[in-house]
Each structure stands twice: as structure tokens, then as C-alpha cells.
1. Of all residues in region 1-55 being aliphatic (A, V, I, L, M), surrounded by fewer than 18 Cβ atoms within 10 Å (Cβ to Cβ) and in a loop (DSSP other than H, G, I, E, B), which is modelled with the lowest pLDDT?
2. Taking the criterion of being buried (at least 19 other Cβ atoms within 10 Å of the Cβ), modelled with pLDDT under 95 and within 14 Å of the chain's Cα centre (by Cα), would at least one residue in region 124-136 satisfy it?
3. Among the residues of region 105-130, how many are under 15 Å from M142 (Cα atoms) and touching a residue at least 12 places away in the same chain (Cβ under 8 Å)?
4. Scan I80, I76 and give me the residue that is under 30 Å from I59 (Cβ atoms), of a type in the set (A, V, I, L, M) and touching a strand residue (DSSP E or B) at 6+ places or on another chain (Cβ under 8 Å).
5. Can you tell me which residue in region 69-127 is farthest from W25 (Cα to Cα), limited to those that are among the charged types (D, E, K, R) and assigned to a loop (DSSP other than H, G, I, E, B)?
6. Using the structure shown, decide if Y138 is part of a helix (DSSP H, G or I), out of contact with any Cys (no Cβ under 6 Å at 6 or more places or on another chain) and without any contact (Cβ under 8 Å) to a residue 60 or more places away in the chain.
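The values are calculated or read from the model by the stated rules, or taken from the named source; none is laboratory data. Remember, predicted model here, so these are calculated numbers, not experimental data. No Cβ is skipped: glycine too gets one built from the backbone with ideal geometry, and neighbour counts run over all protein chains shown.
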Amino acid sequence: MTVSQQTVNINRLEQMIETYSSIDWFSNVGKKEEMTEQQLQQCLNQLGVSDFQIEWVTIQESADVYQRLTFQDSRIWEAIRDLPDRWTEKITENSHDAALKQVVEFLPEAVFQYAFDGAYKQFDEQKLINYMTGMAMYLTLMIAVSDLAEEGEQFEPIRQMIASGHIPFGIEGNTIYLM
């Protein structure tokens, strides 16, 4: 990798970290907003998922819904589970392995504290705080890796949703829960 490529990779990673550190994580969870639902629909449609339901979850309902989350018999999960492998192949083909390594190494750690603080403000149960923090780390990593694979437009609606204080909560079959 040349010095200029390394500089570009570092700048890109710094921009991602700055973006995700400035978000007011989970600030609008449980508040139903039509735009957020449209963003999730747009993302799922771009991923080729057409048969799904979106259900909003309130903070009060979150512990009960959390217990039901499963990827079993989920067309949503079928559509997204192989994306990281596909993106990794594309990133390798484009010689962006070093950037991928930096993103995987540093982005989740950078997001952790901000997401944890936001989850701690919204949720009482430790398992939900941990889950939401992990979900934030996972989604930001998916967004970043899709961007490195030059397929970031698919997850742009999720990035916008996160920036507005919402987040996909999880999947139960073909229902995706939204907060």
C-alpha cells in the first residue's frame, strides 16, 4: 500500500469515527416516525427483500420482544447473511484489504462508548444495554464495510436512521422490529 492510499484509508476511518461519535445514539427509540419506517423499507427493498413486516417496539416492550428475536425461517436474514462475505471478496479484488482491516479493528471500539452511553440513558436492563450497544457496533461495521465494497448505497437508509436516533431492533422470522 502506498503512503497516499494509507492516508486516504486513515482519513476515511477518521470520518466514519467522527460521524458515529457525533450521533445522539438511541435518542428517538420507541418514537414512531414514518420517515424511519420508509428508510427501513427502502433498505430492505434494495437488498431484494419484499415479503416482510415492520413493527415498532416501545422501550417498555423491548425486553419482551428481545426474548423472541430469531433468524429462524427469516427471508430477511437469508437476504443479508452472506453480505459480509460478498463484500470482503469485492474489497479484496479492489485491493482495499488494509482499509478493511483498519475499519474492523478500530470502528467498533470507537462506536462502543457512544452507543453504550446512549443505550444506558434509554434502557434499564443490562441485557438490553449490552444488546443495543452490540447492535450499534454491528450496524456501523456493516455500513462501513458495504461502503468499502462500493455498495454503501444499500445501507445509506440505515445510516440515516441511526443518525436520527432510531435503530432496527431485531428480527423474528419475517418481522423486523424498529425502534
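1. At the first step, the residues of region 1-55 found to be aliphatic (A, V, I, L, M) are 1, 3, 8, 10, 13, 16-17, 23, 29, 35, 40, 44, 47, 49, 54.
Checking which are surrounded by fewer than 18 Cβ atoms within 10 Å (Cβ to Cβ) leaves us with 1, 3, 8, 10, 35, 47, 54.
Next, only the ones that are in a loop (DSSP other than H, G, I, E, B) stay: 1, 47.
Working: M1: 46, L47: 90.
Filtering region 1-55 for residues that are aliphatic (A, V, I, L, M), surrounded by fewer than 18 Cβ atoms within 10 Å (Cβ to Cβ) and in a loop (DSSP other than H, G, I, E, B), the one modelled with the lowest pLDDT comes out as M1.
2. No, the conditions are met nowhere in region 124-136.
3. Keep residues of region 105-130 that are under 15 Å from M142 (Cα atoms), which gives 105-112.
Filter once more, keeping what is touching a residue at least 12 places away in the same chain (Cβ under 8 Å): 106-108, 110-112.
Adding up the residues that qualify gives 6.
4. Values: I80 fails: touching a strand residue (DSSP E or B) at 6+ places or on another chain (Cβ under 8 Å).
So the residue among I80, I76 that is under 30 Å from I59 (Cβ atoms), of a type in the set (A, V, I, L, M) and touching a strand residue (DSSP E or B) at 6+ places or on another chain (Cβ under 8 Å) is I76.
5. Among them, the one singled out is D73.
6. yes
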